[in-house]
1. Suppose we keep only residues that are among the aliphatic types (A, V, I, L, M) and part of a loop (DSSP other than H, G, I, E, B) within the range 25-65. Which one would you say is nearest to PHE11 (Cα to Cα)?
2. How do the strands (runs of 3 or more DSSP E) wholly within the range 66-113 filter down when requiring 1 or more residues that are under 14 Å from MET56 (Cβ atoms) and of a type in the set (Gly, Ala, Ser): which remain?
3. Just to verify a result, which residue in the range 74-94, among those that are surrounded by 13 or more Cβ atoms within 10 Å (Cβ to Cβ) and of a type in the set (D, E, K, R), is nearest to ASN29 (Cα to Cα)?
4. Tally time: how many residues in the range 1-19 are assigned to a loop (DSSP other than H, G, I, E, B) and either under 22 Å from the mean Cα position of the chain (by Cα) or closer than 23 Å to GLN48 by Cβ (or both)?
Amino acid sequence: MDNDIYTIVDFQHVKPGKGGAFVRSSIKNLKTGRTIDKTWRAGERMEQAILERKTMQYLYNDGTDYWVMDPETFEQVAVAKEQIEGVKYLKENMDLSVIVHNEKMIGIEVPNFVELEVTETAGSEKGDTASGGGKPATVETGAVVTVPFFVKQGDRIKIDTRNDQYLERVK
């Protein structure tokens, strides 16, 4: 649409009592990361972009760019922070999903779930329960996540990177 590539984030098919059906949606520009709301009439067509996904490995951050490597060709590529969705969960040697269009890298996503070690969190106090609230915890990548009161420093936890939610403690 408008010579840019968008992905559908959310959509809702609406059939009002009067008039024709339409689709209300939220779409995200893959190049800029901006999300907009768009409404289409029933039967309206869009050109489909052919996207390819490939796996690359995150190597390191040199202060300005993030370096990733193609595990098949060992080619290393510098990537801007803005191109990586979920950059705060990046850990060295992590496999990333790279979105390619016409041989050009247009976006990078971290895995939906990551297991990281808690490096800093407040201690537990008597009366804290497994349910009913939480406390902030910093993980090894520097990201801050709200965790239940029973999680301690040194624990490994599983996090959903799409919504920054704590899922479980990992043994």
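1. ALA42
2. On the way: elements: 66-69, 76-79, 95-101, 104-109.
In the range 66-113, 76-79, 95-101, 104-109 are the strands (runs of 3 or more DSSP E) which contain 1 or more residues that are under 14 Å from MET56 (Cβ atoms) and of a type in the set (Gly, Ala, Ser).
3. GLU85
4. 5
Any read-out appearing in this document is the output of simple, stated calculations on the displayed coordinates, not a laboratory observation. What you see is a predicted model, and the numbers here were worked out from it, not measured in a lab. Please note: Cβ atoms are built from the backbone with ideal geometry, for glycine as well, and neighbour counts cover all protein chains shown.
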